[in-house]
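What follows is a set of notes on a single structure, which appears directly below.
The values are calculated or read from the model by the stated rules, or taken from the named source; none is laboratory data. This one's a predicted model, so the numbers in the text were calculated from it and none came from an experiment. Counting neighbours? That spans all protein chains shown, and the Cβs are built from the backbone with ideal geometry, glycine included. Please note that ligands, DNA and RNA were not included when accessible areas were found on the heavy atoms of the full protein model with its side chains. Shrake-Rupley method; radii C 1.70, N 1.55, O 1.52, S 1.80 Å.
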Amino acid sequence: MTATGTATARAFPNIALVKYWGKRDESLMLPAAGSLSLTLDAFATTTAVTLDARAAADRFELNGEEQGGDRLNRVARFLDLVRERAGSAARAIVRSRNEAPTGAGLASSASGFAALATAASAAYGLPSDPASLSRLARRGSGSAARSIVPGVAVWHAGDGDETSFAEPVEAPDMRMAIVTVDERQKAVSSREAMRLTALTSPFYGAWVSSTERSLEAMLEACRDGDFTRIGRITESHALRLHAVIQSADPPVRYLSPTSIAVFDAVVRLRDRGVEAYATADAGPNVCVIARPADADGVAAALREFGRVRVVGPGSGAELIPDGGAAA
Ligand code: PMV
């Protein structure tokens, strides 16, 4: 690939139906088990990468604000990896715009590193096939590997760097009602809480092996186009995730009383014959999947708990041809 020196890419967050929680290898960001997600059609991140051969350091602007500290370091470390592969010493200016509240459990790190991997690969001249981009995005944030892929994606745990990437999966059409219970930044990052869970939870081994089984069952349900089974696996797996996180020492709890109330309301919807199933990432917001025809009714029933937005399957990470102005 030839280096373009500047490139802009857009990527969407994804919400896992079978979650990634725990690493087999921290430096290569290899997950303890595979996972499966829905890439959304909302809350995009648009990122422009412009090389600057004369600059002494990388710069990172997020939503128009110059970043320092951990956020800048994470981007700079990721760019070090890109530079090492590209044989380049050039620093870059990264300008990123997030349509979702950063750090509130809406996976802005997934859309962020998927967009950054795609734009940086073009700017520095690295391979741009989806598997390579997914492997690279994984190094920034594990879940970003899945945001390279449109719609439903399976991220293979793999047995090393080469084999741990995400691919599309055929699945029935579905919608997701995102209930924003709280937009504040989460108190414990997923990276930190994952490490703590793996080190201290007495249930961690069972979590990993049950995730492997959930993924197998989920892939089968997707192949069969069986929405009910997809939903059941999604909800029970999400509750297992939050159970294992709460079993860490010291415990971490991401769900708030309102999050639990949403899970309960979803059970009541099912009692009334509406098929809806809830999940939640490392934050208090709850995502509820439903068949397309039921989505608006599900959203209406959940409005009392917070802002609700209905989203559907979105596209994978893409370069934006005249994107210089977009970011
Ligand atoms: O990739 P990270 O570090 O943002 O971790 C993602 C963790 C969860 O969102 C809770 C689960 C998942 O599979 O996306």
Note, residue 114: beta-carbon cut-off 11 Å, +1 each Lys/Arg, -1 each Asp/Glu, net +2
For residue 247 and residue 71, extending 7 Å from Cα along the Cα-Cβ vector and measuring point to point gives, in nm, a value of 3.6
Per residue, accessible area of the chain with a 1.4 Å probe, heavy atoms of protein chains only, in Å², comes to 41
So the angle from the long Cα axis of helix 69-86 to the longest Cα principal axis of the chain, reported in degrees to the nearest 10, equals 60
Ranking 223, 74, 146, 59 from most to least accessible area with a 1.4 Å probe gives 223, 59, 74, 146
Helix 108-124 sits off the longest principal axis of the Cα atoms of the chain, rounded to the nearest 10 on a 0 to 90 degree scale, by 30
With every protein chain kept in place and a 1.4 Å probe, the residues 173, 25, 58 fall, from largest accessible area down, as 173, 25, 58
If one compares the long axis through the Cα atoms of helix 190-200 with the longest principal axis of the Cα atoms of the chain, the angle in degrees, nearest 10, works out at 60
Convex hull around the C-alpha positions of the chain: the volume in Å³ per residue is 125
Quick shape check on region 175-311: root eigenvalues a ≥ b ≥ c of the Cα gyration tensor, a/c under 1.5 is rounded, otherwise prolate if a/b tops b/c, else oblate, and it reads oblate
For the chain, the percent of accessible surface on carbon and sulfur atoms (probe 1.4 angstrom, ligands and nucleic acids excluded) is 50
Rounded to the nearest 500, the 222 nm mean residue ellipticity computed for the chain from DSSP H runs (n ≥ 4, each -39500 (n - 2.57)) alone is -12500 deg cm²/dmol
Honestly region 6-171 on the Cα gyration tensor test (a ≥ b ≥ c root eigenvalues; a/c under 1.5 rounded, otherwise a/b vs b/c for prolate or oblate) is just prolate
To the nearest 20 debye, region 6-171 has a Cα-centred charge dipole, built from +1 on Lys and Arg Cβ and -1 on Asp and Glu Cβ, of 240
Residue 268 and residue 224 label points (each 7 Å along its Cα→Cβ direction) are spaced in nm at 3.1
To the nearest 20 debye, the chain has a Cα-centred charge dipole, built from +1 on Lys and Arg Cβ and -1 on Asp and Glu Cβ, of 500
If every Lys and Arg gets +1 and every Asp and Glu gets -1 at its Cβ, then about the Cα centre region 177-302 yields a dipole, in debye to the nearest 20, of 200
Two pseudo-spin positions, 7 Å from Cα along C-beta at residue 85 and at residue 26, lie apart in nanometres by 2.3
